[in-house]
1. Please go through the stretch 190-219 and give me each residue that is surrounded by fewer than 19 Cβ atoms within 10 Å (Cβ to Cβ), farther than 19 Å from residue 253 by Cα and either within 16 Å of the chain's Cα centre (by Cα) or free of Cβ contacts under 8 Å to residues at least 12 places away in the same chain (or both), ordered by number.
2. Of all residues being surrounded by fewer than 23 Cβ atoms within 10 Å (Cβ to Cβ) and out of contact with any helix residue (DSSP H, G or I) (no Cβ under 7 Å at 6 or more places or on another chain) in the stretch 104-116, which is nearest to residue 265 (Cα to Cα)? Just the residue, please.
3. From the residues in the stretch 25-49 that are assigned to a loop (DSSP other than H, G, I, E, B) and over 15 Å from the mean Cα position of the chain (by Cα), which one is modelled with the lowest pLDDT?
4. With respect to residue 197, determine if the residue is under 18 Å from residue 98 (Cβ atoms) and outside any loop (DSSP other than H, G, I, E, B).
5. Answer yes or no: is there a residue in the stretch 95-104 that is at pLDDT 95 or above, under 15 Å from the mean Cα position of the chain (by Cα) and assigned to a loop (DSSP other than H, G, I, E, B).
6. Return only the number of the condition from (1) more than 29 Å from residue 76 (Cβ to Cβ); (2) over 18 Å from the mean Cα position of the chain (by Cα); (3) surrounded by fewer than 19 Cβ atoms within 10 Å (Cβ to Cβ) that residue 185 does not satisfy.
7. Looking only at the stretch 28-59, which residues are under 9 Å from residue 102 (Cβ atoms) and surrounded by fewer than 23 Cβ atoms within 10 Å (Cβ to Cβ)?
8. Every residue in the stretch 111-133 that is assigned to a helix (DSSP H, G or I) and farther than 21 Å from residue 71 by Cα, please.
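The values are calculated or read from the model by the stated rules, or taken from the named source; none is laboratory data. From a predicted model like this one, the values you see are computed outputs, not experimental measurements. Here the Cβ positions follow ideal geometry from the backbone for every residue, glycine too, while neighbour counts run over all protein chains shown.
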């Protein structure tokens with residue numbers, strides 16, 4: 001894959017959002033999962049860049065983006081930052097997709113009016129339900145909340161990489177793609193010793209919604225734009241039933257399922273992922 005161009009968006013509150021882009025055509029933004037980075041989408045970029053300007057931001061607290069503990073890191077704040085990024089980088093009616101935590105931020109941004117997409121893609125995420133298996137999220141909470149205690153921030157930054165090992169990345173791929181280990185290795189490469197990031201993760205862990213987001217059931221009928229639910233059939237965290245329940249309430253929704261794919265859709269089926277995104281957004 002050719003190198004992607006690195007850009008920076010600066011939000012009015014000082015937040016720095018790093019993003020990569022490749023290709024020409026209408027902009028298509030892909031929001032990655034929690035704890036990962038823009039590299040989650042790399043296997044599918046070549047197939048998409050022929051038709052779109054593919055924009056891959058690192059969400060705050062991830063990759064090369066903002067990690068300073070002065071920010072609140074609430075879902076409202078993430079949505080506000082995404083709204084500013086969308087207006088400046090993508091334009092007024094973007095094509096935008098999100099997965100896992102990226103999809104949660106995107107849904108909240110749409111709900112609050114921060115983002116007004118022309119087409120919306122929601123990949124496997126908890127939507128209105130509680131994940132059936134949330135071990136990774138629980139492990140993150142456990143290893144980060146203690147970083148709020150003075151003196152423990154640097155220690156916990158080392159503990160996080162011990163928990164989120166490359167082997168865990170392999171388990172996130174239904175096809176045990178060995179590149180998934182490198183994905184997780186890269187995501188946590190700069191974490192040890194980063195006390196700022198540890199304190200910021202602690203703030204985010206305390207502010208992020210935990211229970212089922214049942215208020216989204218009232219949002220779905222109000223989404224008038226075309227909505228694609230793009231799901232994996234072998235993701236134990238987000239069973240297909242979640243998407244089917246949401247689909248029944250969407251006025252202009254459709255559901256597509258990638259077979260033999262797990263949490264890391266782009267690593268298990270990059271061709272299928274790019275095909276579905278191109279067909280829906282193109």
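1. Of everything in the stretch 190-219, those that are surrounded by fewer than 19 Cβ atoms within 10 Å (Cβ to Cβ), farther than 19 Å from residue 253 by Cα and either within 16 Å of the chain's Cα centre (by Cα) or free of Cβ contacts under 8 Å to residues at least 12 places away in the same chain (or both) turn out to be 190, 208, 209, 210.
2. First, the residues of the stretch 104-116 that are surrounded by fewer than 23 Cβ atoms within 10 Å (Cβ to Cβ): 108, 111-114, 116.
Imposing the further condition that a residue be out of contact with any helix residue (DSSP H, G or I) (no Cβ under 7 Å at 6 or more places or on another chain) reduces the set to 113, 116.
Values: 113: 28, 116: 25 Å.
Here the answer is 116.
3. Just the residues of the stretch 25-49 that are assigned to a loop (DSSP other than H, G, I, E, B), to begin with: 25-26, 32-37.
Next, from what is left, pick out any that are over 15 Å from the mean Cα position of the chain (by Cα): 25-26.
Working: 25: 93, 26: 96.
Of everything passing the filter in the stretch 25-49, 25 is modelled with the lowest pLDDT.
4. On the way: under 18 Å from residue 98 (Cβ atoms): no; outside any loop (DSSP other than H, G, I, E, B): yes.
Judged against the criteria, residue 197 is not a match.
5. yes
6. (2)
7. Hit for the stretch 28-59 is 34, nothing else.
8. As a first pass, look at the stretch 111-133 and keep what is assigned to a helix (DSSP H, G or I): 111-112.
Hit for the stretch 111-133 is 111, nothing else.
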